[in-house]
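The values are calculated or read from the model by the stated rules, or taken from the named source; none is laboratory data. Everything quoted here is computed from the prediction, not taken from an experiment. We place every Cβ from the backbone using ideal geometry, glycine too, and count neighbours over all the protein chains shown. All accessible areas refer to the heavy atoms of the entire protein, side chains included, with ligands and DNA or RNA removed. Shrake-Rupley method; radii C 1.70, N 1.55, O 1.52, S 1.80 Å.
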Amino acid sequence: MTTHLWWVGVCPIDTEPDHVIDCHRGLRGPYTGLGSLLRLVVPEAYERWPELVSEHAIEILSAAPELRTTIGAAPETLTSLAIPEERTRIYPANRTRRLAHGAVEFLLEYAVRTDAGPLRVAFRRFEDAEPTDQEFIAILLRRVPAGRIQARVETLDDDLPGELRAALDRYATRVDLPVPAPGRPDRRERSELLQAYIDSDGTSRDPAEAAAYREADPGVRAALHDERAALLRERGEWSLHLGAIPYHAERGGDPQGAGVRALFEAARHCGGFGFYHSVITFGTRGRDLVDPVTRMDDFWKLGTRASSALGVLGRSAEAEPTYVDLRARYSHPELHLSTGYALAMLYARVHPPELINYQTARAYINNSKAIATMLPDPEERAFHSVFQDNGLALIEMRLGRLEEAFRLVDEGLACLDRELPEGKHRLHRSVLVHNRGKVHVGLGRPAAGLADFDHVIELDPNYPDYYFDRADAKRRMGDLKGAIADCDAAISLSPPFYELYYNRADMKAESGDVDGAIADFAYVVELEPDQIDARVNVVSLLLETGRAGEAWPSVDEGLRLDPDDTRLLHLRSQLWLDAGNVAETRRDLDRALALDPRLVAALVSRATLAHDRGDFDAAIADLTTALEEDKDNPSLLYNRGFVFEASGNWAAAVDDYTEALSVAGDDDREELLSRRARCQDRLR
């Protein structure tokens, strides 16, 4: 049986795989490995199946930007088109996860269409891979059968991050390589060893090459770095600017000039694409090169790029000291304007819940707003004032003051329209229109929200989030067909992200498309197995439609991930019951209720078992506990009345049927009246 492979140790050079990919992040930064693989397969794929490549253009060009000359541009948005000074939107941290899923699906379809046996790929030096590659490989190992793409991941040891290590342990066969025998003495000249280290872009593991580099004259080293950087630039491959080129530039003859510029450009590019781990690396390396006294601008802007990325990655406690240090060092108004906003966002939404403090957030943003109102340039004054008000609106929303949030956003839009030329800050205007639409919906005005979403989609038709939010507004207005169509549009414009499919599945179930809902919920679970809500929904729908046999793998996998999830234990009990195994049904119900004694669904199921074996007291006890949790549930009242009736307690049955009649719908009244009448006859 073909499996993925995990080679641990010093890997020999061989030509067995179809592709050998060097994944060391020092070469090309984010997606060094994935990008290298795409550069090998995409040209052929584009020649044979251009529609397949176009469908995945966002993922391909994010990982291998130089392929734009081969396949053209991905659909542009106002975000991608905005000049750096007007870029006011950042991607969420999980964007790389969406890119990885899309890339995995492209490669799988490519392997299926070539149909020449498994595509075998060796991913070398993976312990030095950037987090984007680590995430991509973990997903590929889980989602792609080795019979289609056989990945061989090569590492020196097994000290690897959590998700990657777990995927290798579960989906790959480990091969511990023997320690290699000592090689022949290295006969190369010192200059050859030095040049080899430079040509490796600082990634060589050869001790002799590393020693030659360390011992070389600093001037000679710097000149060789400059030569190598110039040679790499001539290749015209942008991804080299995210790895080897900055490495050489910061060690060449002008580290504080060319080096800082190269690191800043790499940090800015990675920030624009959501590659936040690399933003931290480049920003920190650049800041360490400059004197904070004489190079305030560089020190400040490189530092805040790194700290912003820390915040997005959930490491806000590490980010805050940088902002505070900068504010203590300098009195520059623009610095205090931007760091005040950043600190406000940390305290309003980025910090963990125990550190959220809206009062502190308001204090910071009001300080920034005060600075903005004093800027001398009228256009800058208008933009920055509105930008701060948009942040304040977010704080007001978090505090439940939706009307005030609406006022801030609405007046901000009017200000930009009044004070700025029509084509300036188009992205931020679209952000404000989008935000106003969301506030409209939050205020219970979905029609007004829909109008804003329509407008922003006219302004920026390729941005998927707008369709996602417009779908919500349409759903609230009862337009399920239109809402599903908007989900379809968002899906067509984005790498896979599970929230879209979850919402569409919900709407399909509501509209009666049960098969479509099952497919979408199942896809959510395929993308992210820990999405238990989706797993519960797909299993429930399979049970409801008589397809219990198809539900077992999903339940088993869910309980492997979380053995104590009470909803899954209850669902497995129903699968056991469907299979006729009452003992296992009871065992899972008892376990679920031991973990959560007030889980209504499990209480009802256990009561049913008790009723079926004639233990009416146990059934009534469970149904009574369920009713304590859900007092006015007509089904629970009916069920308990039914058990009371079966036990001969006619008066209690009459009471439950009467109470159920007060809250039941029209469809249930006839049955309830009939049963109550029967019990009343018995009482008479």
| query | Given charges of +1 on the Cβ of Lys and Arg and -1 on the Cβ of Asp and Glu, with all other atoms neutral, how large is the dipole of region 1-142 about its Cα centre, in debye to the nearest 20? | reply | 300
| message | When a/c reaches 1.5 or more, the comparison of a/b and b/c decides; with that in mind, is region 588-658 rounded, prolate or oblate per its Cα gyration tensor? | response | oblate
| Carbon/sulfur fraction of accessible area - region 312-380, other protein chains in place, 1.4 Å, % | 54
| task | Using only the Cα atoms of region 1-150, construct the convex hull and provide its projected area averaged over every direction, in square nanometres to one decimal. | result | 9.9
| request: Please give the helix 616-629 orientation as an angle from the longest Cα principal axis of the chain, in degrees from 0 to 90, rounded to the nearest 10. | output: 50
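Heavy-atom accessible area per residue, the chain, 1.4 Å probe: how many Å²?
Numbers: 31040 Å² over 684 residues.
With all protein chains present, the chain gives 45 Å² per residue.
Over all alpha-carbon pairs in region 544-684, figure out the percentage whose distance exceeds 18 Å.
Values: 5903 of 9870 pairs.
So the pairs more than 18 Å apart make up 60 percent of the total in region 544-684.
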| said: Taking a cut-off of 16 Å, what percent of all Cα-Cα pairs in region 285-324 are separated by more than that? | reply: 33
| field | Semi-axis lengths (Å, descending) of the ellipsoid that matches the C-alpha gyration tensor of region 292-385 | value | 22, 18, 10
| query | Tell me which aspartates and glutamates have Cα within less than 20 Å of LYS474's Cα, excluding those fewer than 8 residues away on the same chain? | reply | ASP452, ASP454, GLU458, ASP460, ASP465, ASP486, ASP488, GLU499, ASP506, GLU510, ASP513, ASP520
| When ranked by the protection proxy of mean other Cβ atoms within 10 Å per residue, highest first, what sequence do the peptides 389-397, 353-361, 179-187, 233-241 form? | 389-397, 233-241, 353-361, 179-187
| field | Share of alpha-carbon pairs per 10 Å distance bin for region 424-474, given as whole % | value | 31, 57, 11, 0
| query | Residue-wise, which Karplus ³J(HN,Hα) couplings in Hz belong to region 667-684, taking 6.51 cos²θ - 1.76 cosθ + 1.60, θ = phi - 60°, and x for glycine or proline? | reply | 5, 9, 5, 4, 5, 5, 4, 5, 5, 4, 4, 4, 5, 5, 4, 4, 5, 6
| Given charges at beta-carbon only (K, R positive; D, E negative), |dipole| of the chain in Debye | 880
| In a Debye calculation with equal point scatterers on the alpha-carbon sites of the chain and no solvent, what is log10 I(q)/I(0) at q = 0.10 Å⁻¹? | -1.13
| Set LYS438/LYS508; LYS424/LYS481; LYS424/LYS508; LYS438/LYS631; LYS438/LYS481 screened for pairs whose C-alpha atoms are more than 31 Å apart | LYS424/LYS481; LYS424/LYS508; LYS438/LYS631
| note | Log entry: pair-distance distribution for region 114-161, C-alpha pairs binned every 10 Å from zero, whole % per bin is 25, 52, 20, 3
| task | Quick one: give the max-minus-min coordinate of the C-alpha atoms of region 327-432 along each principal axis, largest first, in Å. | result | 43, 36, 19
| Cα axis of helix 95-114 to longest principal axis of the chain: angle in degrees, 0 to 90, nearest 10? | 90
| field | Residue list for region 504-536, given a label point 7 angstrom along the Cα-to-Cβ vector of LEU561 and an amide N cut-off under 20 Å | value | 504-507, 517-536
| request: Could you order TYR463, TYR46 by accessible surface area, starting with the largest, using a probe radius of 1.4 Å? | output: TYR46, TYR463
| remark: With a ≥ b ≥ c from the Cα gyration tensor eigenvalues, square-rooted, and the rule rounded for a/c under 1.5, otherwise prolate when a/b > b/c and oblate otherwise, region 482-596 is prolate
